[in-house]
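Structure first, commentary second.
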Amino acid sequence: MAKSKASTYRFCAGPWNFSEGRDPYGPETRPAQSFDWKLSALKELGFEAMMFHDDDAVPDIDSKNPAQVLKEAKELKKRLDGEGIAAEMVAPRLWFHPSTVDGAYTSNDKKQRRYAIDRSKQAIDIAGVLGTDLLVLWLAREGSYLRESKDARRCVDLLVEALDAMLAHDRRIRLAIEPKPNEPMDHAYLPTIGHALAIAQLTDAPSRVGCLIESAHAILAGLDPSDEIDFAMAFGKLWSLHLNDQNGLKFDQDKPFASSNLRVAFNQVRALERNGYGRNGEYVCFDVHPFRTTRPEHYLKHLANSRDTFLALVEKARSYPEKEAQALVADRNYQDLDLLVLRHLLGM
Ligand code: XUL
Ligand code: MN
């Protein structure tokens, strides 16, 4: 594969992307790996950054006092510097603790909402120590199982209140909302990039609220992730990216990039290319998981393969016969345009 121009992209993954194969119907199928193992695996892959949940950065975070949390974050920063790996972002894990059982920022219980906001502020402090200004918010439980159990209009206000508290906590922090329409909830309150960018406008600092697109989440919303990319980038608001794949409207599969939808993946890469994604230092992150059947010897393949496929598609995007395609567009010969794309992808 020609490397030349494609080397401008920089890659990233999280510790959770080395998962052990557990699903709701069965236990782990691979041994757990240590954090150090994952860090050197990323290096071995040639990835340049790691993304973190707050408790990936500081395990058992809820049992530690603020001074201890910051001390451990500083130790982590040293380890990352030692390996030459950057911290891309920090995301508060607001879906695991008993306090977030009925939502985090939109919980009906004021005490639990306070927990969510305090924990988010702490995650911002961790981000500061790790040297990133990006806080990612996957709003996992901000929705409901039963529509009548929450007041959705009030929940918009609660979300804005929480975002404002985070923005005020640190004037340098940027918030990237990662929308997902469902799972674990029945329906989520911010299901698409349009929702994320719209709520940004209601905050005290719209310029510091942007988004992260995950391919699988867009597909679950019935959208084409490449349109989501173009939309977010038209606003200058695509600050991170979770490339992966998803076969239809099922549970969130986090398959290797392009595994199910090669053409959809190709169009995502074309959208990134035409908008210059990465020019402001953004990383290409793969939020992919090994299949449950993946053997321990193949622990890194889903990441290596996603990166290699991505780079191959960058070459496909750059060698796309634009002139020929434009002539077909001008002639409204979309029939042959369709074939041209297929033949290009097939290498014909
Ligand atoms: C969940 C998901 C998360 C976020 C980070 O579907 O994608 O891993 O990316 O919290
Ligand atoms: Mn994700």
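List of remarks:
- Unpaired cysteine residues in the chain (no second Cys Cβ under 4.7 Å): C155, C211.
- Largest-first ordering by accessible area, 1.4 Å probe, given options R332, R318, R153, R147: R332, R153, R147, R318
- Residues whose amide H comes within less than 5 Å of that of E214, counting only those at least five positions distant or on another chain, are H242 (H built at 1.01 Å from N in the peptide plane).
- Placing Y25, Y277 in order of accessible area, with the largest value first and a 1.4 Å probe, yields Y25, Y277.
- The chain: relative contact order in percent, alpha carbon pairs under 8 Å with at least 6 residues between: 16
- A simple count of charges around D336, restricted to other residues whose Cβ falls under 13 Å of its Cβ and scoring Lys, Arg +1 and Asp, Glu -1, yields -1.
- Computed from backbone phi with θ = phi - 60° and the Karplus coefficients 6.51, -1.76 and 1.60, the 3J(HN,Hα) list for segment 190-204 is 10, x, 9, 5, x, 5, 4, 6, 6, 5, 4, 5, 8, 8, 6 Hz; x is used for glycine and proline.
- Summarising the amide proton neighbourhood of W239: residues at separation of 5 or more, or on other chains, whose placed amide H is nearer than 5 Å comprise C211.
- Anchor K77: lysines whose Cα lies under 19 Å away (excluding residues fewer than 8 positions away in-chain): K38, K43, K64, K121
- ³J(HN,Hα), Karplus 6.51/-1.76/1.60, whole Hz, each residue of segment 163-178, x for Gly, Pro: 4, 5, 5, 5, 5, 6, 5, 8, 5, 9, 6, 10, 9, 10, 7, 9
The values are calculated or read from the model by the stated rules, or taken from the named source; none is laboratory data. Quick caveat, the model's predicted, so the values are computed rather than measured. Here Cβ is always computed from backbone atoms with ideal geometry, including for glycine, and neighbour counts include all displayed protein chains. Please note that ligands, DNA and RNA were not included when accessible areas were found on the heavy atoms of the full protein model with its side chains. Shrake-Rupley method; radii C 1.70, N 1.55, O 1.52, S 1.80 Å.
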